[in-house]
1. How about the stretch 15-24: which of its residues are surrounded by 12 or more Cβ atoms within 10 Å (Cβ to Cβ) and not aliphatic (A, V, I, L, M)?
2. Going by the structure shown, is VAL85 at pLDDT 95 or above, more than 24 Å from ARG5 (Cα to Cα), aliphatic (A, V, I, L, M) and in contact with a helix residue (DSSP H, G or I) (Cβ under 9 Å, 6 or more places away or on another chain)?
3. If the Cβ limit is 7 Å and pairs must be 6+ apart or interchain, which residue in the stretch 101-129 that is under 19 Å from CYS60 (Cβ atoms) and assigned to a helix (DSSP H, G or I) pairs with which residue that is among the β-branched types (Val, Ile, Thr) and open to solvent by less than 70 Å² (accessible area, probe 1.4 Å)?
4. Restricting to the stretch 86-113, name every residue that is open to solvent by less than 30 Å² (accessible area, probe 1.4 Å) and either within 18 Å of the chain's Cα centre (by Cα) or closer than 30 Å to ARG39 by Cβ (or both).
5. Scan the stretch 25-44 for residues that are surrounded by 10 or more Cβ atoms within 10 Å (Cβ to Cβ) and within 19 Å of GLY90 (Cβ to Cβ) and jot them down.
6. Out of the residues in the stretch 45-84 that are part of a helix (DSSP H, G or I) and hydroxyl-bearing (Ser, Thr, Tyr), state the one that is most open to solvent (accessible area, probe 1.4 Å).
7. Identify the single condition in (1) of a type in the set (A, V, I, L, M, F, W, C); (2) within 28 Å of THR133 (Cβ to Cβ); (3) over 20 Å from the mean Cα position of the chain (by Cα) that ALA68 does not satisfy, given that it satisfies every other one.
Amino acid sequence: MATTRNAHTEWEGDLLKGLGEVTLDSSGVGHFPVTWVSRAEEPRGKTSPEELIAAAHSSCFSMALANALTKAGNPPTLLTTKAAVTFEPGTGITGIHLTVEGQVPGVDEAAFKAAAEDAKANCPVSQALTGTTITLSSTLA
């Protein structure tokens, strides 16, 4: 069964001095302010499209990796995934780096790295972001 999730942004003003607010409609869990400054310079308490992509990617990757490990008979105790999305004004998103540390009983480092690489390639968010370079560092705790 397909699912659709929704969010919307209201923006006031021009790009450089304007202000927007992203609302997560499907879950209703929050409203997040966004500005050009928070995107291209410092966050200053506001989010950016890249931070939202990082959140989506780290959670999707974690789910894909947990599923693969569980299907192989080794459910993880804990996966900690970070996603770093790099944005260059005038160029766009230039790369995403995923870092995952896992606690997975019964799995060696090689098997964990292989499962992580597979999750990187096959999680739906990675597949949606194929226009950028995605790199991965993985360690088994």
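1. First pass over the stretch 15-24, keeping only residues surrounded by 12 or more Cβ atoms within 10 Å (Cβ to Cβ): 18-24.
Those that are surrounded by 12 or more Cβ atoms within 10 Å (Cβ to Cβ) and not aliphatic (A, V, I, L, M): GLY18, GLY20, GLU21, THR23.
2. On the way: at pLDDT 95 or above: yes; more than 24 Å from ARG5 (Cα to Cα): no; aliphatic (A, V, I, L, M): yes; in contact with a helix residue (DSSP H, G or I) (Cβ under 9 Å, 6 or more places away or on another chain): yes.
Considered against the rule, which asks whether it is at pLDDT 95 or above, more than 24 Å from ARG5 (Cα to Cα), aliphatic (A, V, I, L, M) and in contact with a helix residue (DSSP H, G or I) (Cβ under 9 Å, 6 or more places away or on another chain), VAL85 comes out as no.
3. PHE112/VAL104; ALA116/VAL100; LYS120/ILE134; SER126/ILE134
4. Residues of the stretch 86-113 open to solvent by less than 30 Å² (accessible area, probe 1.4 Å): 92, 95-96, 98, 100, 102, 104, 107, 112.
Result: GLY92, GLY95, ILE96, LEU98, VAL100, GLY102.
5. VAL34, THR35, TRP36, VAL37, SER38, ARG39, ALA40, GLU41
6. Step one: filter the stretch 45-84 for residues part of a helix (DSSP H, G or I), giving 49-71.
So of that shortlist, the ones also hydroxyl-bearing (Ser, Thr, Tyr) come out as 58-59, 62, 70.
Working: SER58: 24, SER59: 52, SER62: 27, THR70: 72 Å².
Among them, the one singled out is THR70.
7. Condition not satisfied by ALA68: (3).
The values are calculated or read from the model by the stated rules, or taken from the named source; none is laboratory data. Values in this document were obtained by computation on a predicted structure and should not be read as measured data. Every residue, glycine among them, receives a Cβ derived from its backbone with ideal geometry; neighbour counts consider all protein chains shown. Surface accessibility is based on the protein's heavy atoms, side chains included, excluding ligands, DNA and RNA. Shrake-Rupley method; radii C 1.70, N 1.55, O 1.52, S 1.80 Å.
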